[in-house]
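The values are calculated or read from the model by the stated rules, or taken from the named source; none is laboratory data. Just so you know, these numbers come straight off a predicted model, no measurement behind them. Every residue, glycine among them, receives a Cβ derived from its backbone with ideal geometry; neighbour counts consider all protein chains shown. Calculation scope for accessible area: heavy atoms of the full protein, side chains included, ligands and nucleic acids excluded. Shrake-Rupley method; radii C 1.70, N 1.55, O 1.52, S 1.80 Å.
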Amino acid sequence: MPHVVVKAKDLLAGVNVADRCEIMGGDAFKSIPKGGDAYLIKSVLMDESDESVISILRRCRSVMMPPARVIMIEHFLTQPNQPDWGQQFVDHDSR
């Protein structure tokens, strides 16, 4: 989302790669910019239904050209009602 990437430019500058990156906030549920080399999805898919995840990944694929990649950073969760530190990141109200 656009509000998430506000500080990304400073972070990339801090590791000397800002000149090689273009940062674009977006909403994977609506549209995804075409032509990227990499698409980073972080802490999004774990809280979505299988259908939503498939839709997001298909949307990514539709705008990607080889050798582009999708990079997913997600928390693996245990079965429901099992102790898991990753559960703190799940929006239980949205289900």
Problem set entry | Leading residue by the ranking (nearest to the chain's Cα centre (by Cα)) among those in region 66-81 that are at pLDDT below 75 and open to solvent by less than 100 Å² (accessible area, probe 1.4 Å) | 77
Exercise. Can you name the residue in region 21-56 that is in a helix (DSSP H, G or I) and modelled with pLDDT of 90 or more and, of all such residues, is nearest to residue 68 (Cα to Cα)?
Worked result: 56
For this session: Keeping to region 57-73, report how many residues are closer than 22 Å to residue 9 by Cα and assigned to a loop (DSSP other than H, G, I, E, B).
Result: 1
Problem set entry | All positions within region 12-53 that are farther than 18 Å from residue 1 by Cβ and either surrounded by 12 or more Cβ atoms within 10 Å (Cβ to Cβ) or in contact with an Asp or Glu (Cβ under 6 Å, 6 or more places away or on another chain) (or both) | 13, 18, 37
Seminar exercise, completed: residue 42: passes all of (1) more than 14 Å from the chain's Cα centre (by Cα); (2) within 26 Å of residue 76 (Cα to Cα) but (1)
